[in-house]
Amino acid sequence: MSTQNFKNFIAGDEADACKIIGFLLDKMFPKITATMRAGSLSEANHYITAHNPDVFFLDIEFPKDSGFDLLSCFSAIQAAVVFVTAYENHAVQNNKAAICDYILKPVSRGEFRKSVSKILSRLERISKEKKGDTSFDRKGEVKKVKIPSSDGYSFVDAKSIVRCEANGSCTSIYFTAAPKVYVSKILLHYEKELSRFGFFRIHHKHLVNLNFIKSYSKGRGGGHVILNNGIELEVSARKKAALLRVMSVGIF
């Protein structure tokens, strides 16, 4: 039986609802620990970026914003997301979280137990797979990325990848030293796989290792970034604010 604990985070403007979720977690799921709460999306954004929780409970309705606005700040969501909402159809809008579910308000013990049990089971399975996979280190962080080749697969260090570029339904992968590789997988595949390891999708065509960004230049649309190798890449207008926020925090 797994003894691993998982960090959780609760974001919602209704203090009583957040307290109920925290209480139910303490009573029913001792493996989900270190409960933190935020009453605004800005607080939630800061905590998620700094602490990388394993699962977070997200209220969709805020006074001036939506919980989906928080998700839009991230190119992909690696944590499990549990939406807390009064409207069932809200939950289907999300397509960024690798694992997601929803709980309807008012929160009932039965539905809460059912939803969180499912989430916990999937988190434990993923954790177990990582421990048995040589492409992960002891902390569960990727050491190697699997790249398809003509006769099988190559395994490369994630930190050696500078950027990935979309080419229709395929992706070009650029490295620090090795030649470019052309892979028949869409860019979204690598966005989901690499986003937690310092990669950010700055444009619908570009996924970049943030460690290789030298500078940012204002300009038309969302401006441009200059990489250490001198390559200049366009930033989409809708990604500009999130990119600058992540770069200013410096946690990647």
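What follows draws every value from the coordinates through simple rules; no lab data is involved. None of the values given here were measured: they were computed from a predicted structure. Reconstructed Cβ throughout: ideal geometry from the backbone, glycine too, with neighbour counts over all protein chains shown.
The table below lists the values:
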{"read-out": "Förster radius 41 Å - calculated FRET efficiency between Lys146 and Lys105, Cβ distance, rounded to 0.05", "value": "0.50"}
{"read-out": "FRET efficiency estimate (nearest 0.05) - Cβ-Cβ, Glu124 to Ser154, R0 30 angstrom", "value": "0.50"}
{"read-out": "Cα gyration tensor, the stretch 184-226 - rounded (a/c under 1.5), prolate or oblate", "value": "oblate"}
{"read-out": "Ranked Arg220, Arg113, Arg125, criterion: other C-beta atoms within 10 Å, fewest first", "value": "Arg220, Arg125, Arg113"}
{"read-out": "Simple spin-label estimate for Ala178 and Ala86 in nanometres, 7 Å along Cα-Cβ", "value": "5.3"}
{"read-out": "Order of Met247, Met36 under a 10 Å beta carbon neighbour criterion, fewest first", "value": "Met247, Met36"}
